[in-house]
Every structure is written in structure tokens, then in C-alpha cells.
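To start, the structure itself, in C-alpha cells.
The values are calculated or read from the model by the stated rules, or taken from the named source; none is laboratory data. In this text the structure is predicted, and so the values were computed from the model without any measurement. Methodologically, a virtual Cβ is constructed for each residue, glycine included, from the backbone with ideal geometry; neighbour enumeration extends over all protein chains shown.
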Amino acid sequence: METVEERGGQREVLPITDEVLSGLQSMADTFYKKFIPKKIDVKDKIYNWFSEKK
């Protein structure tokens, strides 16, 4: 964990924009090819951490 923290760089909280989702999708695709057995769509409702407004 110390190594991860040292290499982590600066972190900030950002709004979830199409640009942010695109970057996350790119990372998910990279991990899918190497480590994840099922392709992840970051825009998929399953991965939405916020509940929908009623």
C-alpha cells in the first residue's frame, strides 16, 4: 500500500463527464484484455454509484 500511495500522484474529485467516462472506459478495456474475464461498460447502469432521481 505504501508503494501505491507513493506512486499515486495527485488525486481530485471530479464531476462525472463524458471525458471522465471515456478515460475510465479506456482503463477498463486495458484491464479486460489482461485481467478481467468480462468486458465492463462504465456507462452501464450496474456500475452507476448514484441512484436515479424519481
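Looking at segment 25-40, which of the residues that are of a type outside the set (S, T, N, Q) and not in a loop (DSSP other than H, G, I, E, B) is surrounded by the fewest Cβ atoms within 10 Å (Cβ to Cβ)?
For segment 25-40, the residue satisfying everything is 34.
Sort out which residues of segment 3-24 are part of a helix (DSSP H, G or I) and of a type in the set (Ser, Thr, Tyr), and write them in order of number.
3, 22
What pairs can you find where one residue is in segment 7-24 and surrounded by 10 or more Cβ atoms within 10 Å (Cβ to Cβ) and of a type in the set (A, V, I, L, M, F, W, C), the other is in a loop (DSSP other than H, G, I, E, B) and at pLDDT 80 or above, and their Cβ atoms are less than 9 Å apart, with a gap of 6+ or different chains?
21/42; 21/43; 24/16; 24/42
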